[in-house]
Structure formats: C-alpha cells, structure tokens
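The values are calculated or read from the model by the stated rules, or taken from the named source; none is laboratory data. Please read all numbers here as calculations on a predicted model, not as lab measurements. Positions of Cβ are generated from backbone atoms using ideal geometry, with glycine treated the same way; all protein chains shown enter the neighbour counts.
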Amino acid sequence: MRKKSKRYKAAVGLVAKGKSYSVAEAIEIIKKMPPVKFDETLEVNGSLGIDPKQTDQAVRGSVVLPNGTGKTIKIVVFCESDKENDAKSAGADFVGGQDLVDKIIGENWTDFDYCIATPSMMRVVSKLGKMLGPRGLMPSPKNGTVTENIAYAIKEAKRGKVDFRMDKQSCIHVGVGKLSFTKEQLVGNVGAFIEALLAARPSGLKGDYIKGLYLASTMGPALRIAVQQAVSTE
C-alpha cells in the first residue's frame, strides 16, 4: 500500500468524516488544502444506482460549463475535403478524413481532447470505435459531435462543453474547472454539470439514481456533497 504524503494527510484533516457538504462548502475546503506544483482540476465523481448491463439505461450527455474548463482544448474534425478550410477557420486543431483515421490507428495517436464528425464521415470514423470509445472521444449524435454544423460544434467545445458518460462500474467522472478559478465560478460549473446529470436520468429507472456525489481536486481527498443542494445558487 502506497504511503500517504504529509500534504495529503493534512488535506484529509480538513474533511469531516461522514459529513455531506454543500458545493460551496466543499470548494472552500478544497481551496484551503495544501497546494501542489500545478493548477489542479476540480473533479466531480459520482456513483449511480444503475445496472451497467442494462444498455437502455446507459447515462450519457453533455453540458457547456458557464465558466469554461480552464483547459486548452485540442479538437479533431473529420469532414469532407471541401469543408476542411471552414473547420480550420472555426478553430479546429486537426482536420481530415481517411488520412486522419490512418494516423490515429497507425500511430496510436490520441493527443486531442474532442472529436467532431460530419454524418457522412461516420462510416470511416466507425473504425476508431475501439480506440476512441473507451476514452470518451467517439463522435456521437447525442452529444452534438456528429453534425453538419461543424463551426457551431467547435465553438461549443472551445467555450467549455464537456461530454460525460457512465463507465462500466456505473460511475461518472468529470473535470469541471481549475482550482485557480474563483469559488463562484466553480460553484456555477458544478451546478451546471449536476443539472445536466439529473436531466440524463433514464426514464425507466426504478429507485435511487445518484447514490453518491463527490468533489475532489486532482491530488486531494474526496468530499461528499449533498445532491439536493448541489444545484442551488450558493
């Protein structure tokens, strides 16, 4: 078992065992924790009351964080050659078709954060399912990343759109900003994400949807937050 650092132990000492915090309270505590040498990401982690074997209850969605992610987003666009210049002008970092698919497969290249594709390109892009799917990068009509309106999709991604989906353990993990953001900015981002998560509840689900929701910095301990307070204006 890996030994915990003094910094981590000091951070844990700020957390009351068994307590559920409001989003604002949790963020205040996380900001008081001993710092590390980089700007940590604030993460929302959740455990859902869903059987992952029930494919009709898979949870996925997207949300534009009102205060952005704090990251420089690298965007890949798969489109026809006559649309490549428009994609580049809109801010795409990498644009192509079959050539881009070959690069990703041949070089095992995934140095990007977001993928957008036109509908007609999905026949080619589908070859990347096993590589991009597990990383949450596969374009999807449900997330608005399979579209003819490439410029709009790029704009949304650049201004802070994040996609989320339940993993095989029925858990959700999403970064919602940097610790250098103000408390108010982080509260706004967390609230926007949780509203989107609640809206993604499968219609046929029985029982509790969210079993537990937690906030944590990249290198810090998790703080449980009260879901009923998470979307309030704090």
Checking K32 against (1) exposed (fewer than 13 other Cβ atoms within 10 Å of the Cβ); (2) within 15 Å of the chain's Cα centre (by Cα); (3) modelled with pLDDT of 95 or more, which single condition isn't satisfied?
(2)
Only residues that are closer than 11 Å to L215 by Cβ, aliphatic (A, V, I, L, M) and assigned to a loop (DSSP other than H, G, I, E, B): list them for the stretch 4-39, please.
V15
List every residue pair whose Cβ atoms sit under 6 Å apart, with the two residues 6 or more apart in sequence or on different chains, where the first one lies in the stretch 186-210 and is more than 20 Å from S170 (Cβ to Cβ) and of a type in the set (A, V, I, L, M) and the second, anywhere, is modelled with pLDDT of 95 or more and assigned to a helix (DSSP H, G or I).
L186/I27; V187/V23; V187/A24; V190/V23
Can you tell me which residue among I105, I150 is surrounded by fewer than 15 Cβ atoms within 10 Å (Cβ to Cβ), among the hydrophobic types (A, V, I, L, M, F, W, C) and over 30 Å from G49 (Cβ atoms)?
I105
Looking at this structure, is D56 over 20 Å from A157 (Cα atoms), outside the structural domain of N189 (by TED's automatic domain parsing), of a type outside the set (V, I, T) and surrounded by fewer than 14 Cβ atoms within 10 Å (Cβ to Cβ)?
no
Restricting attention to the stretch 36-83, the residues that are on the phi > 0 side of the Ramachandran plot and free of Cβ contacts under 8 Å to residues at least 12 places away in the same chain number exactly 0
Among the candidates F78, F94, which residue alone is in contact with a Ser or Thr (Cβ under 9 Å, 6 or more places away or on another chain), at pLDDT 95 or above and under 20 Å from N149 (Cβ atoms)?
F78
Name, by its number, the condition in (1) in contact with a helix residue (DSSP H, G or I) (Cβ under 9 Å, 6 or more places away or on another chain); (2) surrounded by 12 or more Cβ atoms within 10 Å (Cβ to Cβ); (3) more than 19 Å from G191 (Cβ to Cβ) that does not hold for D51.
(2)
Examine the stretch 35-44 for a residue that is surrounded by 15 or more Cβ atoms within 10 Å (Cβ to Cβ), touching a His at 6+ places or on another chain (Cβ under 9 Å) and within 19 Å of R224 (Cα to Cα), and state whether such a residue exists.
yes
Name every residue in the stretch 163-188 that is polar (S, T, N, Q), surrounded by 15 or more Cβ atoms within 10 Å (Cβ to Cβ) and under 26 Å from G133 (Cβ atoms), in order of residue number.
S170
For G220, are the conditions met, namely being of a type outside the set (V, I, T), farther than 24 Å from K103 by Cα and surrounded by fewer than 20 Cβ atoms within 10 Å (Cβ to Cβ)?
no
